[in-house]
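Contents: one structure, followed by commentary.
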Amino acid sequence: MTRLPDYVTLFDSGSLPLEALAAHLKGKDYRWFEGSRIRAAAVRVVSHLPGRLREELYRLAGGLDAVPPRRIEDVDAEAIARWATRSYPARQYPAVMIGSSTGAAVHLCAALGIPWLPQTVLVPVRRTLDPDRPRDDLEWGREPAARLVERNPELRVYQMHDPNQDRLMLMHMGYFRAKRRRLGQSYEEFLRRSLPPGGTIFLLECNFRWPAVRVSDSHFFQTGGYGGLAPEEYLHGSERVRRHLERLGAGVDRWDAPQPDGDFPEAEWGFDPDLGKDAERFARENGYRLCRIVYDDPVDLSPFVADLHRWWYRRLGQPDDRLLVESFIMLQPRLALTAGAVPYWMTFNSVRSASDLRAYIESRPRFNEIYLMPFSNSIEGAGLAPVETWRDILAKAAHRGEFIGIDPDKYPKDLASFVTHTEAIAKLACREVPSPLSLDELSEFFARDTEGKVRFDIRCEA
């Protein structure tokens, strides 16, 4: 197996979910920090340190995880693609999914027994800046972003500066989210090896957009990101932002954000359409069936995938009333299946995420058990859902509603949950992993879906 290049971070929505899915397709549970007991122990220890010291260590760890600017020429899009494709078992699959990042799609792929190849990965670049001055980050990023895309013309850099949800990390690193504009050699070779004649390519397209500065055709700069605040609050401030910055002692009442040029694909979750055009070309030339899965919001796929699992379990004659709520990179596709759990994935731990989850639970037949693990990364950002909100949601379970793998009294600062959540979910195991769903069964379920938030569009027929 090819190792993840050290200029791409594992702990992000593109990299870690891929490794978790690859482990499932190899018949293995995915364990964070597997093979590094020292790192796992260190995370547990840091979680018990006083707040200021814990935050400082978290901040420094982020800086050490970032690539120095002098190494930006080392970034190689094809090396990243080789890591992605070689992570999966070498065999044929009925389909391969490519495109936007979303935990719900990882569970969909696990149910179908197919790989997913991300369009977007995070390349963190080391630097030190005031997180409350996004304009300075934009100016700093011009030169390294230009060098990155000059070396890798198949990529676009969507530079992201979120002083609310990424505040600690932003002090020591810049967020370069690199999106593929073309499949490239490694992805194309993988598709030819892995798909039978007439096989299916699922193109996962999230239409979510965000105001951004168009620095060049290959570099966009985005202040803020999907989660607790609206774009306007990042750009122009609000009473909520003012109170948040006052609590932090930031010395400002709003962020110094550059004026956007327009709305563009959101840096983390949005889909750059150039990849879609290239995938259509490849499918047409090679006789593959291309099916576009289109949705507007990063969480739109979550109710669809959760309902699919309930439908699947009922067809197998198994209980369908155990809900496992995951968030961001806290997701376990194989352990969810062995626990007989219906997976519902949230983008983050915000009030909006809690509202979406509550709406889902209240609109479905009642769950007997609900297990919840909100992302706990030591940041109390504006728009964070308090622990009381999560407790109210857990109370909607008919029999048992519990936090799993996280100490609610330490939320959102329980870093040990990065390790303990896998152990806790593993204890729920009650069945074998079922045989994968077929593509015909997916089509049958889709025909029953009535919400209409997920759209399947077949563009190319074999």
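Considering only the other residues whose Cβ falls under 11 Å of the Cβ of Asp74, what net charge follows from Lys and Arg at +1 and Asp and Glu at -1?
On the way: positive: Arg70, Arg71, Arg147, Arg151; negative: Asp6, Glu73, Asp76.
So the environment of Asp74 carries a net charge of +1.
Averaged across orientations, what area in nm² does the convex hull of the alpha carbons in segment 193-233 project? Don't skip to the answer; put the middle values down first.
Working: hull surface 21.6 nm².
Dividing the Cα hull surface by four gives the mean projection, 5.4 nm².
For the pair Arg214 and Asp261 in one chain, pulling the backbone fully straight at 0.36 nm per residue adds 16.3 nm over the alpha carbon distance. Per residue, the accessible area of segment 70-179 comes to 27 Å², computed with a 1.4 Å probe over protein heavy atoms only.
In the neighborhood of Leu235, defined by Cβ-to-Cβ distances under 13 Å, what is the net charge if each Lys or Arg adds +1 and each Asp or Glu adds -1?
Details: positive: Arg135, Arg254; negative: Asp162, Glu232, Glu233, Asp256, Asp261, Asp263.
Summing Lys/Arg as +1 and Asp/Glu as -1 gives -4.
The heavy atoms of His172 present about 40 square angstrom of accessible area, all protein chains included, probe 1.4 Å.
Pro298: net charge of surrounding residues, Cβ under 13 Å, Lys/Arg +1, Asp/Glu -1, itself excluded? Display every interim value, and only then the final one.
Numbers: positive: Arg209, Arg352, Lys453; negative: Glu205, Glu266, Glu268, Asp296, Asp297, Asp300, Asp356.
Charge balance in the 13 Å sphere: -4.
In the context of the full set of protein chains, segment 195-253 has a per residue accessible area of 40 Å² (1.4 Å probe). Atom-type composition of the exposed protein surface of segment 302-386 places 49 percent of the accessible area on carbon and sulfur (1.4 angstrom probe).
Here are a few candidate values for log10 I(q)/I(0) by the Debye sum over Cα atoms at q = 0.06, 0.14 Å⁻¹: (i) -0.34, -1.51; (ii) -0.24, -1.49; (iii) -0.43, -1.26. Which one was actually calculated from the structure I just gave you? Only one listed value fits the structure, namely (ii). Note on segment 141-252: along the principal axes its Cα atoms extend 60, 30, 23 Å, ordered by decreasing extent.
Hey, any idea what % of segment 142-211's accessible area is carbon plus sulfur with a 1.4 Å probe? If you can, show how the numbers build up before the last one.
On the way: 1090 of 2190 Å².
C and S atoms contribute 50 percent here.
By DSSP, what percent of the beta bridges with both residues in segment 273-400 are antiparallel, rounded to the nearest 5? Intermediate values should be presented prior to the final figure.
Numbers: 2 of 12 bridges.
Close to 15 percent.
Surface exposure of segment 386-457, expressed per residue as accessible area with a 1.4 Å probe, stands at 52 Å².
Comparing Cα centroids, segment 293-310 and segment 74-100 end up 23 angstrom apart.
Simple rule: put +1 on each Lys or Arg Cβ and -1 on each Asp or Glu Cβ in the chain, find the dipole, and look at Pro298, Pro434, Gly251; the Cα lying farthest toward the positive end is Pro434. DSSP assigns beta bridges within the chain; of those with both partners inside it, close to 45 percent run antiparallel.
Among Gly99, Val149, Gly27, flag the residue with its Cα farthest along the positive direction of the charge dipole of the chain, charges on Cβ as +1 for Lys/Arg and -1 for Asp/Glu. Working it through, the farthest residue towards the positive pole turns out to be Gly27.
Let me spell out the model: positive unit charges on the Cβ of Lys and Arg, negative unit charges on the Cβ of Asp and Glu, origin at the Cα centre of the chain. What dipole size does that give, in debye rounded to 20? Can you show the working numbers first?
Details: 63 positive and 67 negative charges, 222 e Å.
Magnitude of the dipole: close to 1060 debye.
For Lys453, the lysines whose Cα falls under 28 Å of its own Cα, not counting residues fewer than eight places away in the same chain, are Lys179, Lys277, Lys396. Based on C-alpha pairs under 8 angstrom that are at least 6 apart in sequence, the chain has a relative contact order of 18 percent.
The values are calculated or read from the model by the stated rules, or taken from the named source; none is laboratory data. In this text the structure is predicted, and so the values were computed from the model without any measurement. With ideal geometry, Cβ positions are generated from the backbone for all residues, glycine too; neighbour counts draw on all protein chains shown. All accessible areas refer to the heavy atoms of the entire protein, side chains included, with ligands and DNA or RNA removed. Shrake-Rupley method; radii C 1.70, N 1.55, O 1.52, S 1.80 Å.
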